[in-house]
1. Say we look at the stretch 66-118 and pick out the residues that are free of Cβ contacts under 8 Å to residues at least 24 places away in the same chain, outside any loop (DSSP other than H, G, I, E, B) and touching a helix residue (DSSP H, G or I) at 6+ places or on another chain (Cβ under 7 Å); which of these is surrounded by the fewest Cβ atoms within 10 Å (Cβ to Cβ)?
2. Across the stretch 18-28, what is the number of residues that are touching a residue at least 24 places away in the same chain (Cβ under 8 Å) and either more than 21 Å from residue 74 (Cα to Cα) or in contact with a strand residue (DSSP E or B) (Cβ under 9 Å, 6 or more places away or on another chain) (or both)?
3. Given (1) crowded, with 19+ Cβ neighbours inside 10 Å; (2) in contact with a strand residue (DSSP E or B) (Cβ under 8 Å, 6 or more places away or on another chain), where does residue 178 come up short, assuming only one miss?
4. Could you count how many residues in the stretch 119-140 are in a helix (DSSP H, G or I) and surrounded by 20 or more Cβ atoms within 10 Å (Cβ to Cβ)?
5. Being farther than 23 Å from residue 120 by Cα, part of a loop (DSSP other than H, G, I, E, B) and touching a residue at least 24 places away in the same chain (Cβ under 8 Å) is the filter; apply it to the stretch 38-65 and report the residue that is nearest to the chain's Cα centre (by Cα).
6. Please go through (1) assigned to a helix (DSSP H, G or I); (2) without any contact (Cβ under 8 Å) to a residue 40 or more places away in the chain for residue 173 and return the number of the only condition it doesn't satisfy.
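FYI, it's all coordinate maths here, none of it is from the lab. Remember, it's a predicted structure, so these values are computed and weren't measured experimentally. FYI the Cβ positions are ideal-geometry reconstructions off the backbone, even for glycines, and counts take in every protein chain you see.
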């Protein structure tokens, strides 16, 4: 009986996580990701029309940290809900060849755009404002970026901080202070 349970447990652990299956490009695919033409002005307009924030996810084939995020962080119900309801997610491949049209009009393959924007790590999540000036690139316009994999609570707090536009507030509470306050509130039972 123990062998059967051990075998079933091993099979369960190797199954792909719902919504985080690998696509033909080797990147994780989730229901909340959008398949677009990667014209960022069009993506921003569509996000705005839906009342959502545009966010860019850079990933790459074989990225263990991307897998960690898709298996352990994004399935957190608080994060999944926020991704589905509040964000318009466009996935980009760090080594990809699909053309991306930046806000400044420059069209480059994903890998060249990643170099232009200085993307070094995967995953990197870049949050965009609702309006971007014509002469700015996505990286110049971004209100926040998350390079690397973080815990569910850190990820949730950053998505919430951006969604609430706390970066615009003049109260001196940058993300690090906000996150520390949220950790304290959660430990006291006062927050999400």
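1. 108
2. Residues meeting the conditions: 6.
3. (2)
4. Residues meeting the conditions: 1.
5. Taking the candidates together, the pick is 52.
6. All conditions are met except number (1).
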